[in-house]
Amino acid sequence: MRLCGPPVYSLVGVVTLLLPLWEVGCLELSVGSSLRPQRAPRGHEGALHRHKRSWVWNQFFVLEEYTGNEPLYVGKLHSDVDKGGGNIKYVLSGEGATSIFTIDENTGDIHATKRLDREEQAYYTLRAQAVDRATNRPVEPESEFIVKVQDINDNEPKFLDGPYTAGVPEMSPLGTSVVQVAATDADDPTYGNSARVVYSILHGQPYFSVEPKSGIIRTALPNMDRESRDQYVLVIQAKDMVGQMGGLSGTTSVTVTLTDVNDNPPRFSRKSYQYTVPETQPVASVVAKIKAADADVGSNAEMDYRIIDGDGLGMFKVSTDKDTQEGVITLQKPMDFEIKASYSLRIEATNRHIDPQFLNLGPFSDTATVRVTVEDVDEPPIFSSPLSKMVVSEAAKVGTIIGTVSAHDPDASNSAIRYSIDRNTDLERFFNIDAMTGVISTAKPLDREVNAVHNITIFAMESQDPSQVGKGIAVITVMDINDNAPVFAIEYETFLCENAKPGQVIQTISAVDKDEPPSGHRFFFALSAEAAGNLNFTLRDNKDNTASILTKRGGFRRQEQFLFRLPILILDSGSPSLSSTNTLSIRVCDCDPDGLAQSCTAEAYMLPAGLSTGALIAILACVLTLLVLVLLIVTMRRRKKEPLILEEERDIRENIVRYDDEGGGEEDTEAFDMVALRNLNVIRDHKARRDVSPEVTSFFSSRPAYKTLPDNVIFREFIWDRLKEADVDPSAPPYDSLQTYAFEGSGSVAESLSSLESLSTDSDQNYDYLSDWGPRFKKLADLYGNTEGCNIFS
């Protein structure tokens, strides 16, 4: 089989040449041999003889981006077996077969039916087969060949990382590297110059330049100043075909920012500043703020301020505000206009971070003079001593002078001063002060034991301007005197066992004294004169501010005497010394073998045998409870016998009485009188009253029924009947009383619907149908369905 292709052309160097590699011819290939070019036969002259082989083939080339209207001819397959009789069929398979590449099965011509892009796929691997058309069997072995896509310059260079941003320090020298840009070209770098790129700068000159081959951008001018211009936008072009005409190009932008360096010293806008401050300005407050301008930014603009000269070095301090870079001047000491009226400061501002390479630009510091004028202010009086300490004896008489306070007006007017005490600090008015001299004296007797220290506030007021008030503190300590006698430290409860022996200690006592002598307390104990000769107890002073009580004898008995009172004299060591007599109560008790008191009262001997105090209390409680119950029962019985007589002062009106008592239903005839609930037309059995004549009763009984009366008299008749009832009622009170009734009349067409009325009225209503309503209505059917059911209420 032969494989024949069209002429192939190549671009050599920078000059485009169309050089045929071979004419339309064929190559023969034997298995295991190399390729050899062979001319196509031209008749029989000059024909090259060959040996019979299976395939003759080579690599095909197809130009990309073919824009013709007809399919692009690629090459031709021909088998030696094919004698032109049409019995051989050519088959193509592999990448793009039938979709991109087609073959004429009769002639073996191969065509490309679509535009090919080398950047998408650079070559295609195909397989050729010659088969017998009748049997569809291969007549030669299958072989593989390649169709390579020939590149053309159809892709422009692209900056995949653009646009770019970069920075370079200001004042950089000429040729300082800024950034490197790179463009890529999708064309074949191994074929021609389609992918050979060169760089150029379209916008950004004369400040920057770019190297054509490397794409490195460099500064083109020295000493570019950020303070003049801090940003530049460059346009960089990349062009293929080594930049020659006809090449494709792409561009990108590069934003170059000049970064700051410390090349500008701080400068004050003025050489002298003037400020006025009142003399009452608080210490540590801000007096003024000054600022030196620096064209640099960030850390290059940071500066330090300091006072280098002037008469206010100890009076003021200057510091740097880290946020605003201002010099903050603060007051260190109080100012006084009368002492000094103005101050002068020389302040220097210096860059904190100085770059040595720019020292030639001059000193990176500047100075300015600040003059502070003190403004006179009307100040309140000032005490010579803000805190005055004084002492006074608690025995001091009223009017005793304790001490003196002094204040003066600091202003030039030197106004006279008047003194007073802040009574909020001396509520009980123990002290007075002389308004003119400031002398403090006592106004009431003092008691150290109530209040040992008095802390009072003194006001000093200018006579010419009472609004100017100064304050001072006077601490008055009350000195102690011996004016309190010693007493028992606690309330002692002393128990004496009946089996106590003579000389036994039964109590140890101590004393307290409200006074506080400088050398401490010393107490002396002794029995009072009336108790000194008693035969029961004695006292022993322990010389340590305590004393012991001892028995003189034994054999104490509760039935003889269960309580002893022992008067004890306590004397202090003050000058003059004070004493007091305190009584110690001693109870005689029955004690257990361990000496613990069991019973300490004489009444225990008078109790019956076997009964304790607790038992007697329980008995008395039971008796009292029984008495209370008896009184309640008697009271309740008396209230039941009292007649129901309305008091004159009681508000007479309808009352609702709630009994909370539930009956047994309609069958219960014992709990309630059901007749009382029947219709008013029922004739009742009236009881005769002893104080009313029988004629009234007979007259009442002859009254007609309400149903037969006209509607206009039915209410009058009802009231008349009730009046007669009250007259003959033996339980009614024998005097005038108010009777209240509820009566709706009998004018209803339906009359009463109450089941209670059916027992006393002549009703022709038939209730037999209730038995047809089921078990739930059986009770009603039994009550109203026959006459027997009505007899249960009779």
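For this structure, a couple of remarks:
- Taking only protein heavy atoms and a 1.4 Å probe, the accessible area of region 163-263 is 53% carbon and sulfur.
- Summing charges over all other residues whose Cβ lies under 15 Å from the Cβ of Q274, with Lys and Arg as +1 and Asp and Glu as -1, gives +4.
- Beta bridge orientation in region 277-382: antiparallel %, DSSP, nearest 5: 95 percent
- In this simple spin-label approximation, D376 and I354 carry label points 7 Å from Cα along the Cα→Cβ vector, and these lie 4.6 nm apart.
- Remark: for residue pairs K317/K471; K83/K114; K289/K322; K76/K148, the C-alpha separation exceeds 22 Å in K317/K471; K83/K114.
- Summary value for region 353-453: 26 percent relative contact order, contacts being C-alpha pairs under 8 angstrom separated by 6+ residues.
- Note, ³J(HN,Hα) from phi for region 440-446, Karplus 6.51, -1.76, 1.60, rounded to Hz, x at Gly and Pro: 9, 9, 7, 10, 9, x, 9
- In the context of the full set of protein chains, region 418-566 has a per residue accessible area of 54 Å² (1.4 Å probe).
- Length-normalised contact order of region 446-552 in % [C-alpha pairs under 8 Å, at least 6 apart]: 23 percent
- Expected-Rg normalisation [2.2 N^0.38 Å, Cα atoms] applied to region 210-304: 2.04
- Measuring r between the beta carbons of Q59 and R137 and using R0 = 41 Å, the FRET efficiency lands at 0.90.
- The relative contact order of region 270-377 comes to 39 percent, based on Cα pairs under 8 Å that sit 6 or more residues apart.
- Packing order of peptides 252-259, 379-386, highest average first: 252-259, 379-386 (average count of other Cβ atoms within 10 Å over each peptide's residues).
- Per residue accessible area in Å² of region 133-283, where ligands, DNA and RNA are left out and the probe is 1.4 Å: 53 Å²
- Each residue was assigned an accessible area with a 1.4 Å probe, and for Y123 the value is about 120 Å².
- Counting charges near D572 (Lys, Arg +1; Asp, Glu -1) among other residues having Cβ under 12 Å from its Cβ returns a value of -2.
The values are calculated or read from the model by the stated rules, or taken from the named source; none is laboratory data. If you're wondering where the values come from, they're calculated on a predicted model, not measured in any experiment. Using ideal geometry, Cβ is built from the backbone for each residue, glycine included, and neighbour counts are taken over all protein chains shown. Just so you know, the surface numbers come from the protein's heavy atoms only, side chains and all, with ligands and any DNA or RNA stripped out. Shrake-Rupley method; radii C 1.70, N 1.55, O 1.52, S 1.80 Å.
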